[in-house]
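The block underneath contains the structure these notes are about, expressed in C-alpha cells.
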Amino acid sequence: MALLIVVGLALVHFANPGGKNVSKEQAVAIARKHIDFKPTDYQIRYIRRGIPPHGYWVVSYYIQKPGQGYERVTVVLIDAASGKVTEVRRET
C-alpha cells in the first residue's frame, strides 16, 4: 500500500501533467484579449486544481476606486499547459 502512495505522488510531481507551458507574460497577453475596459493594473497567480492537479494562470484586471475597492474587475482563468481560456468572470 505504501508503495502505491509513493508511486502516485511521484507521478503527480514528476510526470507533471498540466505543467507550465505558458509563461506569465503569455498568460497576461492572452487574458488581455478578454477584457473590455482599460485597466489600471492587474494581478496574476498560478494555481493547481483537480485530481490529479492541473495548472492554471489566474489573471485579474481591474480599475481601482479612489480610496478603497474596485470599480471593475475581470478575472480570466487560463490553462497553463495549453493557453486555452477556460473561464472569464466579469464584475462591475
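The values are calculated or read from the model by the stated rules, or taken from the named source; none is laboratory data. Nothing here was measured: the structure is a model prediction, and the numbers come from that model. Here the Cβ is made from the backbone with ideal geometry for all residues, glycine too, and neighbour counts use every protein chain on show.
Just a few scattered comments:
- For first residues located in segment 63-90 and within 18 Å of Tyr46 (Cβ to Cβ), partners that are exposed (fewer than 15 other Cβ atoms within 10 Å of the Cβ) and small (Gly, Ala, Ser) and lie 6+ apart or on another chain with Cβ distances below 9 Å form the pairs Ala80/Gly19; Ala81/Gly19.
- Looking only at residues in segment 77-92 that are of a type outside the set (Gly, Ala, Ser) and surrounded by fewer than 16 Cβ atoms within 10 Å (Cβ to Cβ), the one that is nearest to Val22 (Cα to Cα) is Lys84.
- Candidate set: segment 1-52, residues that are touching a His at 6+ places or on another chain (Cβ under 8 Å) and modelled with pLDDT under 90; chosen: the one nearest to Val76 (Cα to Cα): Gly18
- Candidate set from segment 33-76 (those that are β-branched (Val, Ile, Thr) and within 15 Å of Lys20 (Cβ to Cβ)); member that is surrounded by the fewest Cβ atoms within 10 Å (Cβ to Cβ): Ile47
- Here the condition is being of a type in the set (Phe, Trp, Tyr) and closer than 15 Å to Gln26 by Cα; of Tyr62, Tyr70, Tyr56, it holds for Tyr56 alone.
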